[in-house]
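The values are calculated or read from the model by the stated rules, or taken from the named source; none is laboratory data. Everything quoted here is computed from the prediction, not taken from an experiment. All Cβ positions, even for glycine, are placed from backbone atoms using ideal geometry, and neighbour counts span all protein chains on display. Surface accessibility is based on the protein's heavy atoms, side chains included, excluding ligands, DNA and RNA. Shrake-Rupley method; radii C 1.70, N 1.55, O 1.52, S 1.80 Å.
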Amino acid sequence: MLQYFRINDPYRVLGLLVIMLAVFLPMLLADPGLTLPELNSMLIGEKMREGHSMYIDIVDHTAPLAAWCDSVFDFVFGRSLIARRSFALFVILVQAVFLGIIFINKKAFAENTFIPSLLYLIFFAFSYDNVGLTPELLASGFLLLALNNLFKEIEFREQRDESIFNLGLYISFASLFAFSFSVYLLASIVILAIFTRLEVRKYLLMVIGFLVPHLMLVSIFYLRNGLDSLWDFYYLPNLSFSTSYYIGAKSMWILGAVPAFYLVVSFVILNREARFTKYQSQLVQATFFWMVFAFLQIFYSKGIRPQSFITLIPVISFYVSHFLLMIRRRKFAEINLWLIVIAIISVGYLSYYNNTGVDYETLRVHTVPTENKGEKILVLNSTPSLYANNRLGTGFLNWNLSEDIFKHPEYYENVVRVSKAFKKDPPQRVLDPDNIFESYLKRIPELRRSYQKHSTGEYRQLKK
């Protein structure tokens, strides 16, 4: 297999497709297991398609481009998890091929090879949720475009203003899918400062490239009188350092043991035996700094789960490819590749079926038996799994952001927001285990006439 992908031939992409189907298709056809980020994307897509505006109507910190894509995916795929994950596999394949092309064009290795593309695909199999069609996966594509432009600047062969401008622009687009990717702007500044002699003007050009999409976003919301909502529900929550963990540290170490082991081995071998040109040595060092900032980005993100670590996969693929290509006896190189493939796939599949001690329980959506399905409901606590068999009524999706609204009815702006939300998109049921909805019924007569307490912690809409 190593010998097959060692050759620079476009038809090797077909081989990548075959391997991708062989690795991921059994997992795709099994019980997929909906994850909370995927459910969140589905709910946002549905609300956007109903005509609701992000942040103005929908209370969530999901980035705007991700929300817009969610609406497109809802139109094309609906709630079909297999269709969504099939498209995610296509995205991963495109990214893998593009990564290989980047390294070939930039002469990153002594040979022109598609081995990094192969490893990119294989390392995605370390956890089943990596195939989720989520903002992080889409943002990773723009990150590869940014990495390509970063290598151009290090190469010194193409000193053009649009290259450095596009570097900032691509990182900006990535941050409009997942805001934590803004960290890579700082990564690019540091790497360029170390490995190039750019003028101050070019750094400013890169920063301007990053700011332009955000300024356009601010202008759009300013014209729609939604600037306060944009700040309160997008920028402010994403600028904070709070994060949630969908999976424990022990589980992450189990899933990441094989990639981490081969990354360390690659570092050791490269330091001992590598013979690089000056340019290749700069790429190796620059990629290391990129990896450091990738870790910072992961822990700055709003929700840490296995898929959060996919930004490390290009780096690991780069170093492990160097390791495999440096093994003089090709038979041993082939054995090492098969060990990587078998180990990654084994850990991924065994973890998927709960046989390795990996606990996915807080990541997976657990459907709760309900009396009715397919209704519009509003859940006034942090139990998003209740939306798995129902739709979201109103736009109060993210409870961490909505809680402050519902628990402070004494503020006029909160009463106005709740009143408008219920008038525009009334839920058929309101699930209120903490009895906080009552205070709004007292303050909003129209709500009081529309809803009646059905049982403890539940209000139902009265039929007109």
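The value obtained for the chain, namely the Cα convex hull volume divided by the number of residues, is 148 Å³ per residue. Counted residue by residue at 0.36 nm each, then reduced by the alpha carbon distance between them, the extension gain from Y411 to N112 reaches 101.3 nm. Highest mean packing first, where packing is the average number of other Cβ atoms within 10 Å per residue, the peptides 54-67, 352-365 line up as 54-67, 352-365. Secondary-structure-derived ellipticity at 222 nm for the chain, considering helices only, amounts to -19500 deg cm²/dmol, per-run term -39500 (n - 2.57) for DSSP H runs with n ≥ 4. Cross-linked pairs K106/K202; K47/K250; K423/K453; K442/K463; K250/K407: Cα-Cα separations exceed 26 Å for K47/K250; K250/K407.
May I ask you to derive the relative contact order of segment 51-123, considering only C-alpha pairs under 8 Å and at least 6 residues apart, and to give it as an integer percent? Write out the running numbers ahead of the final one.
Working: 30 pairs, mean separation 14.8, N = 73.
RCO, segment 51-123: 20 percent.
Here the 3J(HN,Hα) profile of segment 96-105, calculated from phi with Karplus coefficients 6.51, -1.76 and 1.60 at θ = phi - 60°, is 4, 5, 5, 4, x, 5, 4, 5, 5, 5 Hz, Gly and Pro shown as x.
Between the C-alpha center of segment 302-347 and that of segment 357-413 there is a gap of 38 Å. With charges set only on the Cβ (+1 for Lys and Arg, -1 for Asp and Glu), what does the dipole of the chain come to about its Cα centre, in debye to the nearest 20? The calculated dipole for the chain is roughly 560 debye.
Suppose the chain between Q285 and T243 were pulled fully straight at 0.36 nm per residue; how much longer would it get relative to their current alpha carbon spacing?
12.1 nm
Amide H contacts of E458: D432, each under 5 Å away and 5 or more positions distant or on a separate chain (H built 1.01 Å from N in the peptide plane; Pro and chain starts excluded). Be a star and scan segment 196-224 for residues whose amide nitrogen sits under 17 Å from the point 7 Å along the Cα-to-Cβ vector of S53. Counting backbone N atoms under 17 Å from the label point, the list is 215-224. Taken along the Cα-to-beta-carbon direction at a fixed 7 Å, the label points for H454 and N389 span 1.3 nm. Expressed as a whole percent, the accessible area of the chain that falls on carbon and sulfur atoms is 62 (1.4 Å probe). Around the amide H of R391, modelled in the peptide plane, lie the amide H atoms of G374, E375, K376, I377, all under 5 Å away and 5 or more residues distant in sequence or on another chain. Placing pseudo-labels 7 Å out from each Cα toward the beta carbon at E155 and L223 gives an inter-label distance of 3.8 nm.
Evaluated with a Cβ-only charge set (Lys, Arg +1; Asp, Glu -1), segment 128-244 carries a dipole of roughly 280 debye about its Cα centre, given to the nearest 20. If you take the charge dipole of the chain about its Cα centre, with +1 on Lys and Arg Cβ and -1 on Asp and Glu Cβ, which of F151, H52, T311 is farthest toward its positive end? Towards the positive end, the residue furthest out is F151. A 1.4 Å probe run over the chain, with the rest of the protein chains in place, finds 44 Å² accessible per residue. When the charge dipole of segment 336-464 is built from unit charges on Cβ atoms (+1 for Lys and Arg, -1 for Asp and Glu) and taken about the Cα centre, the candidate among Y411, S385, T356 whose Cα reaches farthest toward its positive end is Y411.
Using the average count of surrounding beta-carbon atoms within 10 Å as a protection proxy, the listed peptides 162-173, 427-438 rank, highest first, as 162-173, 427-438. Cα centroid distance between segment 272-298 and segment 49-78, in Å? One Cα centre to the other: 37 Å. Close amide H partners of Y245, meaning residues 5 or more places away or on another chain with modelled amide H under 5 Å apart, are I304.
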